[in-house]
Amino acid sequence: MGNSPAVIETSGLSKRFRGGQLAVNGLDLTVPRGSVFGFLGPNGSGKTTTIRMLMGLIEPTSGTARLLGSPMPKAARAVLPRVGALIEGPALYGFLSGRDNLLRYDAADPTADPRTRTARVGAALDRVGLTAAAGKKARAYSLGMKQRLGLASALLQQRELLVLDEPTNGLDPQGMREIRSLIRELAEDGTTVFLSSHLLDEIEQVCSHAAVMNQGRLVVQGEVAELAANARGRLVVTTPDTGAAARLLKERGIADVAVAGEDRVSSELPPDEMELADLNAELVRAGVRVRGFTAERASLEDAFVALTGEGFDVAG
Amino acid sequence: MSRAEVVEAPRRDPEPGPARRPGVLWSLGLFRSELVTVLRRWRTLALLVVLAAVPILIGIAVKVDTGGRGGGGGGGEGGPAFLTQITNNGLFLVFAALAATLPVFLPMAVGVVAGDAVAGEAGSGTLRYLLVAPAGRTRLLLAKYVSVLAFCAIATLVVAVSALAVGALLFPLGEVTTISGTQISFADGLLRAVAIAGVVAVSLSGMAALGLFISTLTNSGIAAMATTIGLLITVQILGQIPQLHAIGPYLFPHYWLSFADVLRQPVYWDQLVKNFELQALYVAVFGSAAWARFTTKDITA
Ligand SMILES: Nc1ncnc2c1ncn2[C@@H]1O[C@H](COP(=O)(O)OP(=O)(O)OP(=O)(O)O)[C@@H](O)[C@H]1O
Ligand SMILES: [Mg+2]
């Protein structure tokens, strides 16, 4: 459905900062209309830089970006009123109240009707649960309150696309849940949501699609279910007879059998033609006291680590 | 599209109706928001308070100085322009206060506001949200420049109004003796005071453009303010060096004090026009430079 299938489309998008740093390298990204798209990647992998290029804040070194079907940054004034954004955290005027901050940002949009401004600002404040604190100076806001106000500024209008850079950063658990349900709500209304995050279970919970960046390159993109499925799950047998169980699993040709601790044997999942229940029955028949027999589904986290590596240090 | 799809379609369409169009007058909202934001900073208010205090100090000093001797000639030859006439006519405090604040205080205040205009917002990150709103780079820069000009006018008015109030309170008001020696009515004198305030405000427009340009060069508001004010002081010093008189006429403060020519009878236009031309040149050069820089700049903060 929809006239243009992709709301974000980049081809060969690259950014080299002064000083030779290639922050984004030949990015070909396609975000389908109506999706909730998770944008993943370790620190410094180029997520924010990509978002800045999409929003026309920085000029790509090479390649092109299209937003809602129009080229950026050329069509910025036509496209951006239909896009709400939170980029690298909120930025506020500390000496203005939360409400006045939103009034100012709304006044900056030449397509925003001043007659409905107060009402829209009120609705946005309400949507992020800030109505009670709206009169307080933004300087006195907590990190989570600032984050909420930043989100409110992205919600001043009905948007076709929301670009949210780490939207739940600094929020309390209730706040995170609210934001997640807000994102689902918006998506149901037909808004496409593009969100970057480090919280993999968050992405897994709310996103229909995801892409993974690593060191400026796109590693993979697709539907979340597919990405998680690509990382193989594991079979875990809980039993005091670890030796016997491991031997039997190896005899059946199952790969990567390992004894973990006192009473756990884990391995790769057997090939699809092998029925798990039969395998379990066979273990029992062989006298293994099976206390638990589970096929653990791979999480997006497993997929993520498999794609971007275990290393903790930020790539320079 | 199948029939069934049409029937069960409570799901709202992703296209939010017709595209919103910018209203013709709605753009003024950005300018108003700019000016209000500038004026709501404590820093701006503090600057205006200092500017308002200058005429009060001058007025009190003149009163104390001459009060003991019961009127008379006053400050003598070496004092700043118009000082000697204040005791006869409080209106001259307006001219004296503008003459006293124009070389340093007024341009310094303008330098603070202009220097902070873009750099301050870049530093705090609010610039990126204005730009994705989308304010439009040219439009935002224009709104910023116009609001700095408005500040020039407000700052000048604050000095003039404060001076007029203090002058009326402490000294007699009456017919005005022009620099040419002729007498004009108080009403005519008041009119000329308004004209002089206008000339002073326009005199600051070149400085405002320079400050705005410097503001587009950095992401630190403080650095931009300091550079702008440093440049003002440097230019004022260069203007004092006799060996450099060749470049003098191209320095933006060169004709600033020509506003006194409004007080001649008839008004002596030569230097005033030169001042306006020089300011226009600065606005054109640094305005274009600021535009060229700001519309191509990577916003990374
Ligand atoms: N203004 C800049 N000048 C030079 N290099 C920069 C600049 N901004 C970012 N970089 C570099 O570009 C790379 C990508 O940075 P970016 O902010 O896009 O990462 P990110 O994926 O958003 O990381 P995080 O998860 O920590 O937010 C980093 O190596 C960073 O050092
Ligand atoms: Mg980032």
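The values are calculated or read from the model by the stated rules, or taken from the named source; none is laboratory data. Computed from a predicted model, the values in this text were never measured in an experiment. Counting neighbours? That spans all protein chains shown, and the Cβs are built from the backbone with ideal geometry, glycine included.
Points worth noting:
- Considered as a group, the residues in the stretch B:286-299 that are free of Cβ contacts under 8 Å to residues at least 24 places away in the same chain and of a type outside the set (D, E, K, R) include one that is nearest to ligand 1 (Cβ to nearest atom), and that residue is B:Thr296.
- Qualifying residues in the stretch A:159-192 (those that are out of contact with any Phe, Trp or Tyr (no Cβ under 6 Å at 6 or more places or on another chain) and within 16 Å of ligand 2 (Cβ to nearest atom)) - the one nearest to the other protein chains (Cβ to nearest Cβ): A:Asp165
- The stretch A:42-130 holds helices (runs of 4 or more DSSP H) entirely within its bounds, and those carrying 1 or more residues that are more than 16 Å from ligand 1 (Cβ to nearest atom) map to A:76-79, A:98-107, A:117-127.
- Qualifying residue in the stretch A:180-198 (condition: more than 23 Å from A:Val83 (Cβ to Cβ), away from ligand 1 (no atom under 16 Å from the Cβ) and of a type outside the set (A, V, I, L, M)): no
- Only a single item in (1) touching an Asp or Glu at 6+ places or on another chain (Cβ under 8 Å); (2) more than 7 Å from chain B (Cβ to nearest Cβ); (3) hydroxyl-bearing (Ser, Thr, Tyr) is not met by A:Ser70, and it is number (1).
- Test: residue in the stretch A:55-64 that is within 12 Å of chain B (Cβ to nearest Cβ), closer than 16 Å to A:Glu160 by Cβ, at pLDDT below 95 and surrounded by fewer than 20 Cβ atoms within 10 Å (Cβ to Cβ): no
- Of all residues in the stretch A:143-179, those that are within 16 Å of ligand 1 (Cβ to nearest atom), charged (D, E, K, R) and at pLDDT below 90 total 1.
- Check on B:Ala301, modelled with pLDDT under 95 and touching a Gly at 6+ places or on another chain (Cβ under 7 Å): yes
- Condition met for A:Gly38 (within 16 Å of ligand 2 (Cβ to nearest atom) and surrounded by 21 or more Cβ atoms within 10 Å (Cβ to Cβ)): yes
- Here A:Ser70 meets the list (1) under 16 Å from the mean Cα position of the chain (by Cα); (2) over 29 Å from A:Leu199 (Cβ atoms) almost entirely, failing just condition (1).
- Identification of helices (runs of 4 or more DSSP H) wholly contained in the stretch B:104-209 with 2 or more residues that are out of contact with any Leu (no Cβ under 9 Å at 6 or more places or on another chain) and away from chain A (no Cβ under 14 Å) yields B:137-170, B:186-203.
- Count - residues of the stretch B:232-243 that are in contact with a helix residue (DSSP H, G or I) (Cβ under 8 Å, 6 or more places away or on another chain) and closer than 15 Å to B:Ala109 by Cβ: 1
- Tally of residues being of a type in the set (Val, Ile, Thr), closer than 14 Å to A:Gly222 by Cα and in contact with a Pro (Cβ under 9 Å, 6 or more places away or on another chain) across the stretch A:9-37: 1
- One residue stands out among those in the stretch B:290-299 that are in contact with a Ser or Thr (Cβ under 8 Å, 6 or more places away or on another chain) and surrounded by 15 or more Cβ atoms within 10 Å (Cβ to Cβ): the one that is farthest from B:Gly115 (Cα to Cα), which is B:Lys297.
- Residue check for A:Pro5: closer than 28 Å to A:Ala112 by Cα and within 18 Å of the chain's Cα centre (by Cα): no
- If the condition is being more than 10 Å from the chain's Cα centre (by Cα) and small (Gly, Ala, Ser), then the stretch A:179-207 contributes A:Ser181, A:Ala187, A:Gly190.
- The lone exception for A:Gly46 - which of (1) away from chain B (no Cβ under 12 Å); (2) surrounded by fewer than 22 Cβ atoms within 10 Å (Cβ to Cβ); (3) within 14 Å of ligand 2 (Cβ to nearest atom) it fails: (2)
- Pairs, first basic (Lys, Arg) in the stretch B:128-152, second outside any helix (DSSP H, G or I), C-beta under 6 Å, six or more apart: B:Arg128/A:Leu57; B:Arg128/A:Ile87; B:Arg128/B:Ile299
- In this structure, A:Arg52 does not qualify as facing another protein chain (nearest Cβ under 10 Å), away from ligand 2 (no atom under 16 Å from the Cβ) and of a type outside the set (Val, Ile, Thr).
- The set of residues from the stretch A:90-139 being out of contact with any strand residue (DSSP E or B) (no Cβ under 7 Å at 6 or more places or on another chain), of a type in the set (Lys, Arg) and either loosely packed, with under 15 Cβ neighbours inside 10 Å or more than 11 Å from every other protein chain (Cβ to nearest Cβ) (or both) comprises A:Arg99, A:Arg115, A:Arg120, A:Arg127, A:Arg139.
- Evaluated against (1) within 13 Å of chain B (Cβ to nearest Cβ); (2) within 16 Å of ligand 2 (Cβ to nearest atom); (3) under 19 Å from A:Val224 (Cα atoms), A:Leu29 falls short on exactly one condition, (1).
- Meets criteria (surrounded by 19 or more Cβ atoms within 10 Å (Cβ to Cβ), part of a helix (DSSP H, G or I) and in contact (Cβ under 8 Å) with a residue 12 or more places away in the chain) for A:Met176: no
- Once the stretch A:10-26 is narrowed to residues that are within 8 Å of ligand 1 (Cβ to nearest atom) and small (Gly, Ala, Ser), the residue that is farthest from the other protein chains (Cβ to nearest Cβ) is A:Gly19.
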